[in-house]
Amino acid sequence: MTSATFGAGKTVVIIGAGFAGIATALRLRAIGYDVTLMERLDSLGGRAQVFERGGYRHDAGPTVITAPFLFDELFELFDEKLTDHLDFVPLDPFYRFHFADGSQFDYRASIEDTLTEIRRFSADDAEGYLALLEQSKKVYDVGFKQLVHRPFIRIWDMVKQIPALLFLKCYKSVSQMVNSHLKHPLIRQAFSIHPLLVGGNPFKTTAIYTLIHYLERRWGVFFCMGGTGKLVQELGALMERQGITIQLNADVDEIILENKRATGVRLSNNTVVNADLVVFGGDPETCYEQLLPKKKRRLPSPKKRYSMGLYVLYFGTKKLYPDVAHHSIWMGPRFKQLLSEIFDSKQMSEDFSLYVHRPTATDKSFAPDGCESFYVLCPVPNLQGSVNWETEGEVLRDRIVTALEETILPELSSVIEEVFWMTPEDFAKDYRSMHGAGFSIEPRLTQSAWFRFHNRDSAVDNLYFVGAGTHPGAGLPGVVSSAKVVEELLTGAEVGSGG
């Protein structure tokens, strides 16, 4: 049996058209399945929506593209080339850090340029950085190249990896691993932030996530011209060329079960769509608590700890800010204590740290002539806290505008326009995000690999899961790779990481 005929004559319904759902639709279509992709919103992309306001365009969700080969692979499944449809532009610096003391650090595209930046803070940390990079490569060679695409369905799958994880010291946190190589407090912060890109507290996230650092160094950091929305658009066109059925505004109310098998889904308008297997591309806990028949609702494992919430502020400016990088990390005066308040006590703090996206640094089409488009992300408590977002949203907006005006965006209050924002309540309502979390469950060691929500249900053997809450985890490389895990589970053939 060839891979293209493996699923011939079988139908699959995929719930959720985020990047995980899209990648799964393409991979299952490539092995012969008749695929229907359902999305409750009115456009593809899941959290990767596009907002248009007053001539400004904003990518609502992911903005950092690493491991671009994962997207190349989706086109190559059908003998097409991504470069015929999309333009990925490498960025340098990857990120620009603005610290509370007024200093600035550029995390550059080349190792030598990065070392030059580090030496401005600490000569000793240049050697430490090279040692950290080497350790990150070792973790990458195991964690990404060998494990990211492999299923962790049985406890034995996890047990077999314990020696490698111990050897790589993955029982440590990312912060502990970074601090063992770097000494300057600000450089430590700069190279500890990667877990926040996938919803984790660096002081609690397993050191296996230090692989993100080498992933960026190995493949670079890119921006898709036209934005993430353009990437979604071209993946949508690819799906249409391959005969994948796409249903928008299709809100699934129930996954229908018969004799411990999923037989299809029931939509909110009572339409029933039959299927030989069902793939859920959202938060697994949402599926278990809201979509399975009431008598069958149960979580397959103990309650999980969820990632932080996100407050995302979108605006345009009637002024150019050419000195602001494409990706900026604006660090507040506190680091560890602030993260503890967000993740543990789940309370709003008097200070904050920010990620600032300025797409017009690379693509002028995001704003009218002489203007800039901005997206500012602020980590906040998820809805397990008691923040009143009806009032706090506006308060936080004003605080962020003031902080940026006093530092990297002078005169902001007089040139800002078309302002709006999203809170964790919007994530819960629009994306069915459990507790309004930005990245599903936290990437702790006890919530990784086998300890994460499994990619195939233990009781319903034709119900599968992809996305941030499953193995391998959040972030674009993680959710796109989760489609590979499902393909391997279905075919029994190793798909490969591609990295």
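Of the chymotrypsin sites (Phe, Trp or Tyr not before Pro) found in the stretch 78-123, those that fall in a DSSP loop while having at most 15 other beta-carbon atoms within 10 Å are 78.
Remark: the stretch 180-197, residue by residue, has Karplus-estimated 3J(HN,Hα) of 6, 10, 10, 10, 5, x, 6, 5, 4, 4, 4, 9, 10, 7, 4, x, 5, 6 Hz, where x stands for each Gly or Pro and the curve is 6.51 cos²θ - 1.76 cosθ + 1.60 at θ = phi - 60°.
Rounded to the nearest Hz, the phi-derived 3J(HN,Hα) couplings of the stretch 272-285 under the Karplus curve 6.51 cos²θ - 1.76 cosθ + 1.60 (θ = phi - 60°) are 10, 10, 7, 7, 7, 8, 10, 10, 9, x, x, 5, x, 5, where x marks glycine and proline.
For residue 109, nonlocal amide neighbours, meaning residues 5 or more places apart or on other chains whose placed amide H falls under 5 Å from its own, are 94. Projected area of the stretch 299-416, taken from the Cα convex hull and averaged over every viewing direction, in nm²? Here the figure is 9.3 nm², rounded to one decimal.
DSSP loop GluC sites (Glu not before Pro) in the stretch 383-452 with at most 10 other Cβ atoms within 10 Å of their Cβ, which ones? Loop-located and lightly packed - 406.
In the chain the Cα-Cα distances spread across 10 Å bins starting at 0 as 4, 20, 31, 28, 14, 3, 0 percent of all pairs.
Which value does Rg/Rh take for the stretch 221-349 over its C-alpha atoms, Rh per Kirkwood?
Values: Rg = 21.4 Å, Rh = 19.9 Å.
On the Cα set of the stretch 221-349, Rg over Rh gives 1.08.
Rolling a 1.4 Å probe over the heavy atoms of the protein chains gives the chain an accessible area of 39 Å² per residue.
Find the relative contact order for the stretch 1-148 and round it to a whole percent, using C-alpha pairs within less than 8 Å whose residues are 6+ positions apart. Working shown, then result.
Working: 146 pairs, mean separation 18.5, N = 148.
Normalised by residue count, the contact order of the stretch 1-148 is 12 percent.
Looking at the stretch 364-468, none of the chymotrypsin sites (Phe, Trp or Tyr not before Pro) sits in a DSSP loop with at most 12 other Cβ atoms within 10 Å of its own Cβ.
Close amide H partners of residue 263, meaning residues 5 or more places away or on another chain with modelled amide H under 5 Å apart, are 256, 257, 258. As a length-normalised measure over Cα pairs under 8 Å and 6 or more apart, the relative contact order of the chain settles at 23 percent. Per DSSP H run of n ≥ 4, the term is -39500 (n - 2.57); total these for the chain, divide by its residue number, and report the mean residue ellipticity at 222 nm rounded to 500 deg cm²/dmol. My calculation for the chain gives -8500 deg cm²/dmol from helical runs alone.
The values are calculated or read from the model by the stated rules, or taken from the named source; none is laboratory data. It should be emphasised that the depicted structure is a prediction, and the values quoted were computed from it without experimental measurement. FYI the Cβ positions are ideal-geometry reconstructions off the backbone, even for glycines, and counts take in every protein chain you see. Side chains are part of the model used for accessible areas, which takes the heavy atoms of the whole protein and leaves out ligands, DNA and RNA. Shrake-Rupley method; radii C 1.70, N 1.55, O 1.52, S 1.80 Å.
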